[in-house]
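**Q** Questions regarding the structure given below will be posed in turn.
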Amino acid sequence: MSQNGKKILIVDDEAAIREMIAIALEMAGYQCIEASNTQDAYSLIVDEQPSMVLLDWMLPGTSGIEFARRIKRDDRTAEIPIIMLTAKGEEDNKIIGLEAGADDYITKPFSPRELVARLKAVLRRSTPQGMEDPIEVEGLVLDPVCHRVTANNSALDMGPTEYRLLQFFMTHQERAYSRTQLLDQVWGGNVYVEERTVDVHIRRLRKALGPVHEHLIQTVRGTGYRFSTKAS
């Protein structure tokens, strides 16, 4: 009963609570990653790009609320849904949590079944329409669920970075992106990668696409690259 490999980040400084949540979610078919503080949590968000963050209100150092605000302020992470976990049941705290950008709010103690049900509801609301549907352009098909790219029904062989680049381009067609923007969107700003690395991966992606589809990845002089079906 897999949930398409959806990855949930659990941020709580109490190991026993993280374990209890992880067991419940893994039984429901989710993958779990864990952090006990916001520094570790932020690195995991950028590197692993989880589908959701379960965030404890009371954390050492930066509070869960401050951290939620930070996630929502950052363009790279703003779309990730957050459920706040807290022992604070008062109404005004719920309002503070929701205003900070949380999508839902669960008061401890909660049952694992309730958590899974609420999590599914938030994920349903927050998965943009079509994000799990295959994208097709001129016989080139990218299937996000199977993580597979085919050209005229033949599987294409490409590395994970080329796949992510292509997925970004196919979901953001006809717009030019600079190398810096591509680094932020595809590699995540946590990584030190030189801009010319983008050019290397663009070359590899074109090679993987082959003569029929390589023209879709266009070089925009003085700017960067765009994915377009129109002649450049």
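**Q** Considering only the stretch 142-179, state which residues are surrounded by fewer than 18 Cβ atoms within 10 Å (Cβ to Cβ), out of contact with any helix residue (DSSP H, G or I) (no Cβ under 7 Å at 6 or more places or on another chain) and in a strand (DSSP E or B).
**A** ASP143, ARG148, THR150, SER154, ALA155, SER178
**Q** Which residues, taken from the stretch 71-100, are modelled with pLDDT of 85 or more and under 15 Å from MET52 (Cα atoms)?
**A** Across the stretch 71-100, the qualifying residues are ILE71, LYS72, ILE80, PRO81, ILE82, ILE83, MET84, LEU85.
**Q** Oh, and also: Among (1) in contact (Cβ under 8 Å) with a residue 40 or more places away in the chain; (2) within 20 Å of LEU98 (Cβ to Cβ); (3) not hydroxyl-bearing (Ser, Thr, Tyr), which single condition is GLN49 missing?
**A** (2)
Here's the yes/no breakdown for (1) surrounded by fewer than 14 Cβ atoms within 10 Å (Cβ to Cβ); (2) outside the structural domain of ARG148 (by TED's automatic domain parsing); (3) more than 15 Å from the chain's Cα centre (by Cα); (4) not in a helix (DSSP H, G or I):
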position: ASP13; (1), (2), (3), (4): no, yes, yes, yes
position: ARG18; (1), (2), (3), (4): no, yes, yes, no
position: LEU25; (1), (2), (3), (4): no, yes, yes, no
position: VAL53; (1), (2), (3), (4): no, yes, no, yes
position: PRO60; (1), (2), (3), (4): yes, yes, yes, yes
position: ALA68; (1), (2), (3), (4): no, yes, yes, no
position: ILE71; (1), (2), (3), (4): no, yes, no, no
position: ALA78; (1), (2), (3), (4): yes, yes, no, yes
position: MET84; (1), (2), (3), (4): no, yes, yes, yes
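**Q** Can you tell me which residue among TYR105, TYR30, TYR42 is at pLDDT 85 or above, under 30 Å from HIS147 (Cβ atoms) and in contact with a Lys or Arg (Cβ under 6 Å, 6 or more places away or on another chain)? Break it down into steps so the answer makes sense when it comes.
**A** Values: TYR105 fails: under 30 Å from HIS147 (Cβ atoms); TYR42 fails: in contact with a Lys or Arg (Cβ under 6 Å, 6 or more places away or on another chain).
Being at pLDDT 85 or above, under 30 Å from HIS147 (Cβ atoms) and in contact with a Lys or Arg (Cβ under 6 Å, 6 or more places away or on another chain) holds for just one of TYR105, TYR30, TYR42, which is TYR30.
**Q** Give me a count of the residues in the stretch 185-205 that are modelled with pLDDT under 90, in a helix (DSSP H, G or I) and surrounded by 14 or more Cβ atoms within 10 Å (Cβ to Cβ).
**A** 4
**Q** Starting from the stretch 165-189, take each residue that is outside the structural domain of LEU44 (by TED's automatic domain parsing) and without any contact (Cβ under 8 Å) to a residue 60 or more places away in the chain and list its partners that are charged (D, E, K, R) and surrounded by 15 or more Cβ atoms within 10 Å (Cβ to Cβ), counting only C-beta distances under 7 angstrom and pairs at least six apart or across chains.
**A** Sorted first by the residue in the stretch 165-189, then by its partner, the pairs are GLU174/ARG226; ARG175/ARG226; ALA176/ARG226; TYR177/ARG226; VAL186/ARG164.
The values are calculated or read from the model by the stated rules, or taken from the named source; none is laboratory data. Keep in mind the model is a prediction, meaning the values are calculated, not measured. All Cβ positions, even for glycine, are placed from backbone atoms using ideal geometry, and neighbour counts span all protein chains on display.
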